[in-house]
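Below: one structure, written as structure tokens.
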Amino acid sequence: MSNSPAILNTFALSHFCENARWALDYKSVSYREESWAPMLHMLRTWRLNKTYTPVLHIDGRAIQESADICAYLEERFPEPVLVPDEHREEVLRVADEARSLGPHVRRMAYLALGDDLELLKKAWALNLSAAEARIHGLVFPASRRLAFKALRVTPEATAQSERIVRDFLEERDASFQDPNRYLVGDTFTLADLTMASILSPLARPAEHPFYPRMAFGETGDGWVEQMRSYRMVAWVHRCYAQHRRR
């Protein structure tokens with residue numbers, strides 16, 4: 001295995017990237033994060049199997065997708081345990097369920113920014129190198145159009161996504177009386193880490209590495225305030241407060 005330091009390539013605000021980032025931090029793995037601007041990232045990922053982030057460069061290999069990164073980290077760095085043997089199937093099922101919500105949460109988050117393109121431009125520039133930030137500023141109008149088309153960020157698709165997410169939160173709230181509980185078993189697992197990271201745009205927890213640095217505007221702030229009524233969103237805050245190591 002290579003002794004080179006691990007590198008995590010991300011979109012700084014991506015909740016899928018936060019899933020991988022949190023797993024690295026929870027396992028106390030030493031790494032360097034290098035963020036890419038949306039759409040510009042394809043200049044780097046075209047040689048890989050897929051064109052999206054996160055990408056973890058570790059032990060001489062490049063691993064894409066947060067699920068595959070988390071699986072590799074659990075095998076490579078078994079302590080602290082995130083997937084206990086006695087609950088493996090259920091932990092992985094809940095983690096997959098959380099990731100299936102990811103595209104819908106992302107559309108809702110973009111909707112929350114409203115039509116303020118300057119806010120979005122600054123949000124996408126977080127954690128970029130100076131050179132990448134300059135290029136991002138020049139190509140942002142085209143990048144936004146391409147990204148929104150690829151992610152289906154349209155009023156119709158976003159309305160459907162909001163219904164899916166709110167239905168999920170309301171269903172969970174009906175049976176989720178204790179915000180101090182864990183999703184599977186009696187300890188913090190990958191199920192909790194993944195669900196909390198994927199839902200983090202709804203909560204904007206203070207412990208998130210980047211959300212506290214970002215302005216969401218009046219529309220976004222009002223939207224997050226609405227989310228506070230859900231027990232699952234309160235649970236996200238609790239998970240971050242108790243388990244988000246950096």
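Just so it is clear, none of the values below were taken in a lab; they were calculated from the coordinates. Since we're looking at a predicted model, the values are computed, not measured. Cβ atoms come from the backbone with ideal geometry, glycine included; neighbour counts cover every protein chain shown.
Which of T45, T158, T187 comes first, and how do the rest follow, when ranked by fewest Cβ neighbours within 10 Å? Intermediate results must be reported in sequence, preceding the final value.
Values: T45 17, T158 20, T187 12.
If I rank by nearby Cβ atoms, fewest first, I get T187, T45, T158.
Excluding residues fewer than 8 places away in the same chain, name every one of the aspartates and glutamates whose C-alpha is closer than 16 Å to that of K27.
Partners found: E18, D59, D68, E74, E75, E79, D192.
Can you sort I198, I164, I58 by how many other beta carbons sit within 10 Å, fewest first?
With the sparsest Cβ surroundings first, the list reads I164, I58, I198.
Non-local amide H neighbours of Y31 (under 5 Å, H modeled in plane, Pro and chain starts lacking H): which ones?
Counting only residues 5 or more places away or on other chains, the set is empty.
If r is the Cβ-Cβ distance from A206 to R93 and R0 is 35 Å, what FRET efficiency results, to the nearest 0.05? Mind showing how you got there, number by number?
On the way: r = 30 Å, r/R0 = 0.85.
Working from the Cβ atoms, E equals 0.75.
Taking the chain as a Gaussian network, where each spring joins two C-alpha atoms under 10 Å apart, which residue of A150, A95, A123 fluctuates the most?
Taking springs between Cα atoms under 10 Å, the residue moving most is A150.
Kindly provide the helix-only [θ] at 222 nm of the chain, computed as the sum of -39,500 (n - 2.57) over DSSP H runs of four or more divided by all residues, to the nearest 500 deg cm²/dmol?
-18500 deg cm²/dmol
In a GNM of the chain with a 10 Å cut-off on Cα contacts, which of S229, S175, S129 has the highest mean-square fluctuation?
The residue with the greatest mean-square fluctuation here is S175.
Would you mind listing how long the chain runs along its three principal axes, going by Cα atoms, in whole Å with the largest first?
Here the spans come out as 51, 47, 28 Å, largest first.
With N set to the number of residues, divide the alpha-carbon radius of gyration of region 6-76 by 2.2 N^0.38 Å and report two decimals.
Relative to the rule-of-thumb radius for its length, region 6-76 sits at 1.00.
How do D96, D178 rank when sorted from fewest to most other Cβ atoms within 10 Å of their own Cβ?
Ascending Cβ contact count within 10 Å gives the list D178, D96.
Work out how much length D167 to R245 would gain on full extension: take 0.36 nm times their residue separation and subtract the Cα-Cα distance, in nm to one decimal.
Stretched fully, the D167-R245 segment lengthens by 25.0 nm.
Excluding residues fewer than 8 places away in the same chain, name every one of the aspartates and glutamates whose C-alpha is closer than 14 Å to that of K121.
E132
Starting from the Cα of E156, step 7 Å along the direction of its Cβ; do the same at Q177; then give the gap between the two resulting points in nm.
Spacing of the two 7 Å Cα→Cβ label points: 4.3 nm.
For region 144-222, what does the alpha-carbon gyration tensor say about shape, rounded, prolate or oblate, given a ≥ b ≥ c as the root eigenvalues, a/c under 1.5 as rounded, and a/b over b/c as prolate? Mind dumping the intermediate values first?
Details: a/c = 2.00, a/b = 1.49, b/c = 1.34.
Taking the square roots of the gyration eigenvalues as a ≥ b ≥ c, region 144-222 is prolate.
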